[in-house]
Structures are given as structure tokens and as C-alpha cells.
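The values are calculated or read from the model by the stated rules, or taken from the named source; none is laboratory data. None of these values were measured; they are calculated from a predicted model. Using ideal geometry, Cβ is built from the backbone for each residue, glycine included, and neighbour counts are taken over all protein chains shown. For the accessible areas, the whole protein counts, side chains as well, though only heavy atoms, and no ligand, DNA or RNA atoms are used. Shrake-Rupley method; radii C 1.70, N 1.55, O 1.52, S 1.80 Å.
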Amino acid sequence: MSSPVLLQIDGEVVGKRAFTWEDLKAIDLQWQIDDVSLVDPDRTGGAVWLRGILEVVDVRPEAKYITLHSDRDDFHASLPLVEVYERGMFIYR
């Protein structure tokens, strides 16, 4: 049985990819956040910095924005990549 996809990345990237929990956990430790409440007291759980995820998929130099969409609560946002690189995280555990 395969693990469910938690995150899909496509668009202006070299390697479009779907990430499972195991894939996210396998991203380099430098990008992992064990306790997100130390970064944002209003959140709980563990996360990975989006910069680490975007490094895996190799964002093309011409990309300037990222669009985020969540099926769970129909969340949508389009943000400048520079902001995502500085503060964006994906809570997955």
C-alpha cells in the first residue's frame, strides 16, 4: 500500500513531484523543524521549510511566485518566492 500524497509541486520547476510523509521526512535535516511552536507559537507539530522542498524540485530561475492550494480547506494563496524562501514552512506531522 502506498502512502498518500501530502504535497504536489509543479509549474516552473525542473522536477515536478508528489511528496508523501516519508518523502518529506527524508528531506535533509537542515530543513526540518521538529517543533514549529518555536518558530510560530500559534502552531504545533513538525514541519519542513519550503525552501528545502523547493530545493528538491529545483525551481527555475524565471519563477517569481508560488501558488499554494489546499484541498482540505480550499485554501489558496499566491506569494512571492522570496518571502517563501525566508519564512515558509509546510507542517506535515
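For residue 62, the accessible surface of its heavy atoms amounts to roughly 110 Å² (probe 1.4 Å, protein chains only, rounded to the nearest 10). Rounded to the nearest 500, the helix-only mean residue ellipticity at 222 nm of the chain stands at -5000 deg cm²/dmol, with each DSSP H run of n ≥ 4 adding -39,500 (n - 2.57).
Under a 5 Å amide H cut-off, with hydrogens placed 1.01 Å from N, residue 92 pairs with 46, 47, 48 among residues at least 5 apart or on other chains. To the nearest 10, the accessible area of residue 51 is 100 Å² with a 1.4 Å probe. Amide hydrogen proximity for residue 7: with H placed 1.01 Å from N in the peptide plane, the residues at 5 or more positions away or on another chain lying under 5 Å are 19.
Backbone N atoms of segment 1-44 closer than 19 Å to the 7 Å Cα→Cβ label point of residue 77 belong to residues 6-10, 32-44. Full extension of the chain between residue 22 and residue 63 yields a length gain of 12.1 nm, computed as 0.36 nm times the residue separation minus the alpha carbon distance. When the charge dipole of the chain is built from unit charges on Cβ atoms (+1 for Lys and Arg, -1 for Asp and Glu) and taken about the Cα centre, the candidate among 37, 76, 63 whose Cα reaches farthest toward its positive end is 63. Backbone phi angles across segment 36-49, fed through the Karplus curve with coefficients 6.51, -1.76 and 1.60 (θ = phi - 60°), yield HN-Hα couplings of 5, 5, 6, 9, 9, x, 8, 10, 9, x, x, 8, 10, 5 Hz in residue order; Gly and Pro are listed as x. Backbone phi angles across segment 71-77, fed through the Karplus curve with coefficients 6.51, -1.76 and 1.60 (θ = phi - 60°), yield HN-Hα couplings of 5, 4, 10, 6, 6, 9, 7 Hz in residue order; Gly and Pro are listed as x.
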